[in-house]
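The values are calculated or read from the model by the stated rules, or taken from the named source; none is laboratory data. Quick caveat, the model's predicted, so the values are computed rather than measured. Quick reminder, even Gly has a Cβ in these numbers, built from the backbone with ideal geometry, and neighbours come from all protein chains shown.
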Amino acid sequence: MTSPLESPEDLLPSTARALLHRVATAQAEGRSPSLVGAVSREGRLVWSGSRSCVDGHAPDADTQFRVGSITKVFTAVLVMRLRDEGLVDLSDPLEKHLPGTGVGEVTLAQLLGHSAGLGAETPAPWWERTPGSSRPGLSDVLGEEPFVHPAGQVHHYSNPGYTLLGSLVEAVRGVSWEQALRTEVLEPLGLSRTSYQPVAPHAGGWAVHPWADAMMPEPSEDLGLMAPAGQLWSTAADLCRFGWFLAEGDDRVLPAGTVAEMRRPAAPGDPRDREAAYGLGLQIAMGEGGTLFGHTGSLPGFVACLWVSAEQGLSAVAVANATSGPKVGAVAAELLRTVAEAEPRIPRPWRPLPEVDQELLALTGPWYWGTYSYGLRLLPERGVALEPLRGGGRASRFRALPDGGWIGLDGYYQGEPLRVVRREDGSVSHLDLASFAFTREPYGPRDAVPGGVDEGGWRGL
């Protein structure tokens, strides 16, 4: 994880008051026993606030709440670690690593992005409010008819799908999902207040009567096999720290490139909401204020949300101990937006590259695909970016490969190879990008232009 270059200052009093007002309004209007909000910048907690129905007893950013489906993001991180280690491939069918489920034709990528076609819930009874021991096997989680859509054709949120991913982790690692999570993610990232079971201080879960100001305690069940879909307890401070990891990566857990891959849409969201999508374990919201990623969560007695803006270096969390009422997703988004608008991120200082490869430097500047003009510039760690110089076009960044050449990181050329093609004398002929030839001149007569160049050359009317 990249350390902040400079310690962010605390927020201005006017910004802090606006954040507290939003949390107080959400707690009052949502009729939640308590609600905690927090914001971090560049990985450092810069504000937290809370409201409670018990005077003098408000929880803080170190109080645990159950975070429900935010657990899925942690499970996705474990699966991506397996992929990065070469133990699985996201295109692998589940059957390859976890045989005998009856749904083994679905791929790991489809499970991560909720496009495997599996049902949203387990067979009755309601799994969130009953002991996990009542579903001792995966057949009890999936039921007799696990599919509600053809695999790979539609986004359909599936809790059982993440149970399968948790079981996959256990099968490949040879340890429990809980142990893998603790040793591979929680401990390296310093998330000491995130745990399988609650650890004091923690909030109690409540149901608030929909038509009266009355409360009833909710049960807190060990979800058993369903734990990878929603078991975890965490704090606003820990979730903010986790948000920084999702923005920047941490080589002890997942590098920046892999968390960036998780943040890219892998499956469309609700077709009625064109600003929503789903990545590899992450919800994505796209709006005028930029792209947010994170996840919401709920279990009886609790609701939670984590939103992150990589552009602003901000994470925002809202957690409450009520089954329904407070709209924590909107609260977290507004906390983040309030800080971004009132105190926008100060850009990091420009710094030159630590070293410049002269051979790479000679490749920079204009290149032409047909008559389209592009500019090639250097990036850190021998990467390059190819961008149109005028009008619209296909811009992409490329990561250097160990054996030479590059691979596309984003845009149209994501995953496509870029290489330098040289003449017999060693001079550069052109760049080959997914079969497209980029030359130093537009249709130069001696250049390697597919289809050749008209002998008459350029001419007027």
Some residue of the stretch 130-140 being touching a strand residue (DSSP E or B) at 6+ places or on another chain (Cβ under 8 Å), closer than 14 Å to residue 168 by Cβ, touching a residue at least 40 places away in the same chain (Cβ under 8 Å) and not acidic (Asp, Glu) | no
Considering residues that are part of a helix (DSSP H, G or I) and more than 25 Å from residue 91 (Cβ to Cβ), the number found within the stretch 127-162 is 8
Residue 369 passes all but one of the listed conditions (1) farther than 24 Å from residue 260 by Cβ; (2) surrounded by fewer than 16 Cβ atoms within 10 Å (Cβ to Cβ); (3) not polar (S, T, N, Q); the exception is number (2)
In the stretch 393-430, residues that are touching a Leu at 6+ places or on another chain (Cβ under 8 Å) and either of a type in the set (Asp, Glu) or not in a loop (DSSP other than H, G, I, E, B) (or both) total 15
If we ask which residues in the stretch 74-92 are buried (at least 17 other Cβ atoms within 10 Å of the Cβ) and not in a loop (DSSP other than H, G, I, E, B), their number turns out to be 10
Among strands (runs of 3 or more DSSP E) completely within the stretch 280-367, the ones holding 1 or more residues that are in contact with a Pro (Cβ under 9 Å, 6 or more places away or on another chain) are 283-287, 302-309, 314-320
Check: Taking the condition buried (at least 21 other Cβ atoms within 10 Å of the Cβ) and either of a type in the set (Gly, Ala, Ser) or outside the structural domain of residue 168 (by TED's automatic domain parsing) (or both), does residue 48 pass?
Finding: yes
By my count, helices (runs of 4 or more DSSP H) wholly in the stretch 208-278 with at least 1 residues that are farther than 23 Å from residue 312 by Cβ and touching a strand residue (DSSP E or B) at 6+ places or on another chain (Cβ under 9 Å) are 227-230
By residue number, the members of the stretch 382-392 that are in a loop (DSSP other than H, G, I, E, B) and more than 22 Å from residue 262 (Cβ to Cβ) are 389, 390, 391, 392
request  = Consider residue 179 carefully, then state whether it is buried (at least 19 other Cβ atoms within 10 Å of the Cβ) and either touching a residue at least 40 places away in the same chain (Cβ under 8 Å) or not β-branched (Val, Ile, Thr) (or both).
outcome  = no
message: Scan the stretch 437-459 and tell me whether some residue there is in a strand (DSSP E or B) and either out of contact with any His (no Cβ under 8 Å at 6 or more places or on another chain) or modelled with pLDDT under 90 (or both).
response: no
Given the criteria in contact with a helix residue (DSSP H, G or I) (Cβ under 8 Å, 6 or more places away or on another chain) and either under 30 Å from residue 266 (Cβ atoms) or hydrophobic (A, V, I, L, M, F, W, C) (or both), does residue 360 qualify? yes
Checking 369, 350 in turn, the sole residue that is aromatic (Phe, Trp, Tyr) and free of Cβ contacts under 8 Å to residues at least 24 places away in the same chain turns out to be 350
When you scan the stretch 36-44, do you find a residue that is closer than 29 Å to residue 250 by Cα, among the acidic types (Asp, Glu) and surrounded by 15 or more Cβ atoms within 10 Å (Cβ to Cβ), even just one?
yes
Checking 257, 287, 329, 269 in turn, the sole residue that is under 29 Å from residue 11 (Cα atoms), modelled with pLDDT under 95 and surrounded by fewer than 23 Cβ atoms within 10 Å (Cβ to Cβ) turns out to be 287
Given the criteria closer than 14 Å to residue 164 by Cα, touching a residue at least 24 places away in the same chain (Cβ under 8 Å) and of a type in the set (A, V, I, L, M), does residue 87 qualify? no
